[in-house]
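Enquirer: Can you keep this structure in mind? I'll have questions shortly.
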Amino acid sequence: MIAPVGSNVFTGARIGGLELPNRLIRAGCYEGLARGGEITDALVEHHRRLAAGGIAMTTLGYLAVSADGRGFAHELWARPGLTPQLRRFAGAVHGAGAAASVQLVHCGFFSNPSVIGRKPLGASPKLCLYRGAVCTEMTPAEIDEKVADFAQTARLVQDAGFDALELHAGHGYLLSQFLSPWTNRRRDEYGGSLENRLRFPAAVVRAVREAVGPDFPVLVKLNQRDGFRGGLELGEAVEVARRFEREGAGALVPSCGFTAKPSSLYMMRGRVPIREMAANGPTPAIRLATRLFGGVFARRYPFAPMFLLEGTRRIREAVSIPVVYVGGALSLGDMEMALEAGCTFVQIGRPTIRDPEFPRRLRSGEVTESDCDQCNRCVAAMDASGVECTSARLGLQPRDEW
């Protein structure tokens with residue numbers, strides 16, 4: 001196939017020692033397909049289709065670095081027995097023509113007590129309304145243990161044949177909780193000033209870099225803004241980005257939002273699918289509560305294409321490593337805009353849920369933009385049978401039954 005005339009989206013570029021054939025990366029999304037914490041046939045097929053559809057690299061979402069870091073029962077966690085499954089996953093993606101990355105995460109105070117069998121860990125004692133639980137403040141020894149868990153998991157996925165990894169330091173998960181002044185109220189060397197709040201996340205980036213060597217691609221997702229008063233803001237995010245670069249990050253993915261706050265959909269802008277979320281609730285009480293109060297816990301943010309471009313540009317100007325744009329890139333023109341702003345790659349999520357072959361169709365000229373209408377029914381589906389474009393399955397046209 002021939003790239004559209006004048007387009008740089010389908011030219012090659014590098015992250016560390018990895019050469020990718022185009023600039024499109026599937027964003028890490030919670031798939032809800034790792035039933036029982038295992039890599040299922042459905043999860044492999046989901047990413048194999050993405051690889052066959054022309055994405056340069058696909059990202060396996062949410063591999064918890066320890067069992068106590070899981071937010072959902074259907075979430076992977078690192079352990080020796082997972083290695084053959086990871087190898088199978090990477091092999092399927094490679095066989096379909098793409099590189100394989102994986103997102104390493106610990107949910108911190110967002111971890112689910114009923115899944116992990118204990119009180120969640122966090123930067124400071126904090127009530128997570130989503131879980132109805134107060135976390136335990138991590139001790140320095142527990143912080144050191146989690147640094148080691150991230151490094152060990154990095155070696156695990158590298159040995160399993162993955163081409164890259166992405167550290168999740170955004171969206172209100174554990175590393176983000178240490179960075180955010182809203183969740184980090186500590187009075188020791190891990191709290192207070194930005195330098196102190198950075199101490200643990202920076203140690204994780206450094207340890208992971210040491211674990212995988214100098215050329216293995218280590219992407220780090222971080223928040224530009226948490227999305228609420230008292231959270232991390234762009235000025236501090238720029239300093240976080242600079243520090244991550246010094247500690248060995250190979251690329252940065254500036255994002256936004258906070259899972260345990262009404263800003264949980266700050267990144268997934270568009271409709272809030274309260275009706276579908278309620279229908280997929282695990283118990284009648286949760287279904288009723290979601291119908292009545294779901295709008296309180298998940299605020300709606302109107303969608304606009306390229307809604308994170310300005311903040312991403314600020315971070316790009318502050319670092320010398322590749323920056324990956326994420327946030328509302330729907331069309332070839334959007335993607336070109338990100339590259340013109342200095343980004344090296346573009347992550348896309350919902351357009352590839354809508355159509356796994358979107359990159360191939362974009363390259364061939366069949367389409368120039370995605371017809372995803374940000375209904376976010378796919379978000380609700382994650383907690384049911386697994387992520388899918390519900391609108392496509394039901395044969396709905398964009399914006400039907402909004």
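The values are calculated or read from the model by the stated rules, or taken from the named source; none is laboratory data. All figures in this text were calculated on a predicted structure; none of them were measured in a lab. Glycine gets a Cβ as well: all are built from the backbone with ideal geometry, and neighbour counts include every protein chain shown. Accessible surface areas use protein heavy atoms only, side chains included; no ligands, DNA or RNA. Shrake-Rupley method; radii C 1.70, N 1.55, O 1.52, S 1.80 Å.
Enquirer: Assuming a ≥ b ≥ c are the square roots of the Cα gyration tensor eigenvalues, decide whether the stretch 1-70 counts as rounded (a/c under 1.5), prolate (otherwise, with a/b larger than b/c) or oblate. Provide the component values of the computation, followed by the final result.
Expert: Numbers: a/c = 3.44, a/b = 2.01, b/c = 1.71.
Since a/c reaches 1.5 and a/b is larger than b/c, the shape of the stretch 1-70 is classed as prolate.
Enquirer: Please report the accessible area of HIS94 (heavy atoms, 1.4 Å probe, ligands and nucleic acids excluded) in Å², nearest 10.
Expert: Estimated to the nearest 10 Å², HIS94 gives 80 Å².
Enquirer: On to the next question. For the stretch 104-163, how big is the tail of P(r) above 14 Å, as a whole percent of Cα pairs? Walk me through the intermediate numbers first.
Expert: Values: 1062 of 1770 pairs.
Taking all Cα-Cα pairs of the stretch 104-163, the fraction more than 14 Å apart is 60 percent.
Enquirer: Want the number for GLU317 to ASP215: 0.36 nm per residue separation, take away the alpha-carbon distance, what's left?
Expert: Values: separation 102, 0.36 × 102 = 36.72 nm, distance 2.29 nm.
Here the answer is 34.4 nm.
Enquirer: Something else now. Calculate, in nm to one decimal, what SER385 and ALA304 gain on full extension: separation in residues at 0.36 nm each, minus their alpha carbon distance.
Expert: Details: separation 81, 0.36 × 81 = 29.16 nm, distance 2.87 nm.
Between SER385 and ALA304, full extension yields an extra 26.3 nm.
Enquirer: If you rank SER320, SER66, SER264 by how much accessible surface each has, with a 1.4 Å probe, what is the order from largest down? Each step should come with its number before you reach the end.
Expert: Details: SER320 95, SER66 15, SER264 40 Å².
Output order, biggest surface exposure first: SER320, SER264, SER66.
Enquirer: Using modelled amide H (1.01 Å from N, peptide plane; none on Pro or chain starts), what sits under 5 Å from the amide H of GLN224, excluding residues fewer than 5 places away?
Expert: SER255, CYS256
Enquirer: When the scattering of the stretch 121-194 is computed by the Debye formula from its Cα atoms alone, each counted once and equally, what is log10 I(q)/I(0) at q = 0.14 Å⁻¹?
Expert: Here the Debye-derived log intensity ratios amount to -0.53.
Enquirer: Would you calculate a helix-derived [θ] at 222 nm for the chain, using -39,500 (n - 2.57) for each DSSP H run of n ≥ 4 and dividing by the full residue count, to the nearest 500? Provide the component values of the computation, followed by the final result.
Expert: Values: 16 runs with 149 residues, N = 402.
Only helices count here, giving -10500 deg cm²/dmol.
Enquirer: Round to a whole angstrom and tell me the spacing of the C-alpha centers of the stretch 17-94 and the stretch 198-213.
Expert: Value for the Cα centre distance between the two parts: 22 Å.
Enquirer: Let me ask another. Longest segment of the chain with no GluC sites (Glu not before Pro) in a DSSP loop having at most 10 other Cβ atoms within 10 Å?
Expert: Numbers: sites that count: GLU366, GLU401.
No qualifying site falls inside 1-365, the longest such stretch.
Enquirer: Now, a different point. Can you give the three extents of the C-alpha atoms in the stretch 150-282 along their principal axes, from longest to shortest, in whole Å?
Expert: Its Cα atoms span 47, 38, 24 Å along the three principal axes.
Enquirer: For ASP373, ASP159, write out the residues from largest to smallest accessible area, computed with a 1.4 angstrom probe and no ligands counted. Let's see the in-between values first.
Expert: Working: ASP373 15, ASP159 105 Å².
Greatest to least solvent exposure: ASP159, ASP373.
Enquirer: Can I ask one more? Could you tell me which of rounded, prolate or oblate describes the stretch 85-127, using a ≥ b ≥ c as the square roots of the eigenvalues of the alpha-carbon gyration tensor, with rounded for a/c under 1.5 and, failing that, prolate when a/b is larger than b/c and oblate otherwise? Walk me through the numbers before you get to the answer.
Expert: Details: a/c = 5.69, a/b = 2.94, b/c = 1.93.
Here the stretch 85-127 falls in the prolate category.
Enquirer: Ordered by residue, what ³J(HN,Hα) values in Hz, to whole numbers, does the stretch 216-228 give under the Karplus form 6.51 cos²θ - 1.76 cosθ + 1.60, where θ = phi - 60° and Gly and Pro are x?
Expert: Coupling constants for the stretch 216-228: 5, x, 10, 8, 10, 8, 9, 7, 6, 8, 6, x, 7 Hz.
Enquirer: Next question, about the same structure. As a test question: what accessible area, to the nearest 10 Å², does TYR266 have when a 1.4 Å probe is rolled over all protein chains in place?
Expert: Here the accessible area works out near 40 Å².
Enquirer: Oh, and also: Given 10 Å bins starting at zero, what is the percent of C-alpha pairs of the chain in each, up to the one with the largest pair distance?
Expert: Binned Cα distances yield the sequence 5, 24, 36, 27, 7, 1.
Enquirer: Apply the Karplus parameterisation 6.51 cos²θ - 1.76 cosθ + 1.60, with θ equal to phi minus 60°, to every residue of the stretch 340-347 and state each ³J(HN,Hα) to the nearest whole Hz, in sequence, with x for glycine and proline.
Expert: Rounded to whole hertz, the list is 5, 7, x, 6, 8, 9, 10, 8.
Enquirer: Go through ASP188, ASP226 and list them by solvent-accessible area, largest first, probe radius 1.4 Å.
Expert: On the way: ASP188 45, ASP226 0 Å².
Accessible-area ranking of ASP188, ASP226, largest first: ASP188, ASP226.
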